[in-house]
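The values are calculated or read from the model by the stated rules, or taken from the named source; none is laboratory data. Just so you know, these numbers come straight off a predicted model, no measurement behind them. Positions of Cβ are backbone-derived with ideal geometry, glycine not excepted, and every protein chain shown enters the neighbour counts. Protein only, heavy atoms only, side chains kept; ligands, DNA and RNA dropped before computing areas. Shrake-Rupley method; radii C 1.70, N 1.55, O 1.52, S 1.80 Å.
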Amino acid sequence: MVELFYRCLEYVLGRLKHSEYRLDRSVPPILLLGIILRRLIWLARGFLKCLVLQRRFRIVFMAPQVNLRNASLIRFGNGVTLERGVLIDGLSRHGIELGDNVMIGAYSIVRASIPANLGAGMRMGKDSAVDAYSFIGAAGQITIGENVIMGQHVSFHAENHNCERTDVPIKHQGTRRLGIVIEDDCWIGSNTVFLDGSHVERGCVIGAGSVVRGRISAYSVAVGIPARVVKSRLLLEAELSRAH
């Protein structure tokens, strides 16, 4: 009977995520029931918020204290999870788009602009996630690919202030925006900072606490301030193949 419960739940989750899903059998069924109840409450809250603020139906899980501003410019895929205290402000030229099964961790902020200086916006591809207390400042366009996983306290700053003149306050000299790109299948460590103009190619690993600027080539492992490539995942794969 218990195994049937696990299998039914795996089937439902697999259909929702459009991929095979396996539960750890060491998690007691009573705890799973608690998780299911909590998620159903989040689903009801997400349904009502999307219906009221966006006049559309989406399967979105919203924890308490989620704040959606300028919601008409926010686009959700199905299965998006917004954990407690998340703030998303859609005000931007291209809006904020979160693909299927995206997760935004607790107390994270996604915003692009103020009315006096409209920013570009952000797109995060399906099955990607950023953990708690992260900041995505999408004044310049931010594009995050699919299957990107990010730790806590990750921040994106897609804008630089002009500061060449000394006779004018820096805040009045304007800004320049190159944007930030993170391609598919990357792993970003906690406390990583992405500066404007960063481009992380497919399959990279960025070590915790790194400051990224410029381009990181595909399948690289990069660490440090500024982040520098220390090894290639392709070489590691080749060494592992030879060892076997």
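The table that follows gives values for the structure above.
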| item | result |
| --- | --- |
| With 5 Å bins from 0: P(r) over region 163-212, alpha-carbon pairs, percent | 5, 19, 18, 19, 10, 10, 10, 7, 2, 0 |
| Mean Cα-pair separation over length for region 91-244, i.e. relative contact order, pairs under 8 Å, 6 or more apart, % | 15 |
| DSSP-loop chymotrypsin sites (Phe, Trp or Tyr not before Pro) across region 183-244, with at most 10 other Cβ within 10 angstrom | none |
| Three-way shape label, region 44-111, alpha-carbon gyration tensor, a/c 1.5 | rounded |
| Extension reserve of the Phe57-Ile170 stretch, reckoned as 0.36 nm per residue once the Cα distance is removed | 36.3 nm |
| Distance from region 33-88 to region 117-188 (C-alpha centre basis), Å | 23 |
| Spacing of the two label points (7 Å from each Cα toward its C-beta) at Trp187 and Leu43, in nm | 3.1 |
| Relative contact order (percent, whole number), region 2-142, Cα cutoff 8 Å, 6+ residue spacing | 15 |
| Rounded accessible area per residue of region 145-207, 1.4 Å, Å² | 51 |
| Surface share of carbon and sulfur [accessible, 1.4 angstrom probe, percent] for the chain | 57 |
| Distance (nanometres) between label positions extended 7 Å along Cα→Cβ at Ala243 and Met1 | 4.7 |
| Potential lengthening between Leu235 and Tyr21 on full extension [0.36 nm per residue; Cα-Cα distance subtracted] | 74.0 nm |
| For q = 0.12 Å⁻¹, Debye-computed log10 I/I(0) when each Cα of the chain counts as one equal scatterer | -0.77 |
